[in-house]
Amino acid sequence: DVRKLSKTKFCTIGIKTYNALKKYGIKADLMPDVFEGMEAVEVLKNHVDRNDRVLVPRARLGRNEIVNELKEFCLVKEIEVYDTLIKNTDKEEIIESLKDYDDYEIIFTSSSTFKNFAEILGTDLKGVLEKGRIISIGPITSRAVEEAGYKVDIEAEESTIEGIIEAIKEQREKF
């Protein structure tokens, strides 16, 4: 019964989670303008205090910075609600599917997507990425790509699939 949550405040990092909650009759009270975890932390700083309890459902391999920062000003309980796993994908299948293209675009929707892609391709990663253009959903993903030594060609302004589509359209309009 959703009424049991009447005194609970909800903060979402982005519009997709906000809309998903609405489907269950829950309206998020807070959402940052920029859909990133640290932006949500900044929003929460103005709405919670040391005695407030904050539940953070997250990926098992989620970034610790968010939880660590929250612990500076409130009580935090984190629970791992999902895991990002590497599919048993054959790297040769990826390479084969791209070999006939002179150029292509590869879209990374999270830093874990990039890291898993890099792990699958191993030493072949450089050849695949240098031939293609790299598109990132946002700054966190871009940082993972850049820390691995690659250049992001397009970064979405809004960290959503729609943001990626808009960024691609804007880039194409320039040419």
Show the residues, 5+ positions off or on another chain, whose built amide H is closer than 5 Å to the amide H of V54.
L75, V76, K77
Among E80, E93, E155, residue whose mean-square fluctuation peaks in a GNM of the chain (springs only between Cα atoms under 10 Å)
E93
Taking square-rooted eigenvalues a ≥ b ≥ c of the alpha carbon gyration tensor, is the stretch 71-134 rounded, prolate or oblate, where a/c under 1.5 means rounded and, failing that, a/b exceeding b/c means prolate?
prolate
Cα gyration tensor of the stretch 52-106, axes a ≥ b ≥ c as square roots of the eigenvalues: rounded (a/c below 1.5), prolate (a/b > b/c) or oblate?
prolate
When ranked by the protection proxy of mean other Cβ atoms within 10 Å per residue, highest first, what sequence do the peptides 127-137, 10-20 form?
127-137, 10-20
Residue-normalised accessible area of the chain, given per residue in Å² at a 1.4 Å probe
69 Å²
Anything over 25 Å Cα to Cα? Flag those among K9/K45; K16/K126; K16/K45; K131/K174; K7/K77; K4/K77, in the order listed.
K16/K126
Which value, in debye to the nearest 20, describes the size of the charge dipole of the stretch 19-129 about its Cα centre when Lys and Arg Cβ atoms bear +1, Asp and Glu Cβ atoms bear -1, and nothing else is charged?
720 debye
Surface accessible to a 1.4 Å probe, L30 within the full protein complex, Å²:
30 Å²
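The values are calculated or read from the model by the stated rules, or taken from the named source; none is laboratory data. In this text the structure is predicted, and so the values were computed from the model without any measurement. So basically every Cβ, Gly included, is an ideal-geometry build from the backbone, and we count neighbours across all protein chains shown. Areas reflect the complete protein model, heavy atoms only, side chains present, ligands, DNA and RNA absent. Shrake-Rupley method; radii C 1.70, N 1.55, O 1.52, S 1.80 Å.
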